[in-house]
Amino acid sequence: MNIDLDASDVNRLRAHLEQVPADAHRNLVKATEFSARGIKDTSREFASGLAHAPDYPQAITYDVDDRGAGDGVAAEIGPEKERRQGALGNILEYGTINNPPYAHLGPALDIWTPDWEHGLEKAAADALDGRT
């Protein structure tokens, strides 16, 4: 007695599932990049118009660190101390004993966090659906 088994569907499913981590990671990088840029832009908007620090907003930048599938992605957003007036970042954000805080990074993060979380959820769902 012979049993014929067509495993082509199972093989396609296996190949698809092997691709999910790479697809998900690619989408996670896109979501992180988009949100990091949004946080940077919003922070710059909030920090603009300071008479004593007119160049400070341009010191706010972001970097995305793509560590690869399975290892994750990270973003660093904030003022670069080497840029003109970038060293004022901590003083402006948190204040000093003589100066009140001028929060701009924290509120921008609060605004963009829901969008980033939605992007992460969409990245995972799209990867599982096979869309990138």
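Computed from the coordinates by the stated procedures, all read-outs in this text should not be read as laboratory data. Please read all numbers here as calculations on a predicted model, not as lab measurements. Note that each Cβ is placed from the backbone with ideal geometry, even for glycine, and that neighbours are counted across all protein chains shown.
With a cut-off of 14 Å between beta carbons, the residues surrounding W112 carry a summed charge of -3, where Lys and Arg count +1 and Asp and Glu -1.
Loop-located GluC sites (Glu not before Pro) in the stretch 23-92 (DSSP state other than H, G, I, E, B) with a sparse environment of at most 13 neighbouring Cβ atoms within 10 Å: E82. Each 10 Å bin, from zero up to the one with the longest distance, holds this percent of the alpha carbon pairs of the stretch 10-129: 14, 35, 24, 15, 8, 3, 1. Seen from I39, the other residues with C-beta closer than 10 Å to its C-beta sum to a net charge of 0, counting Lys and Arg as +1 and Asp and Glu as -1.
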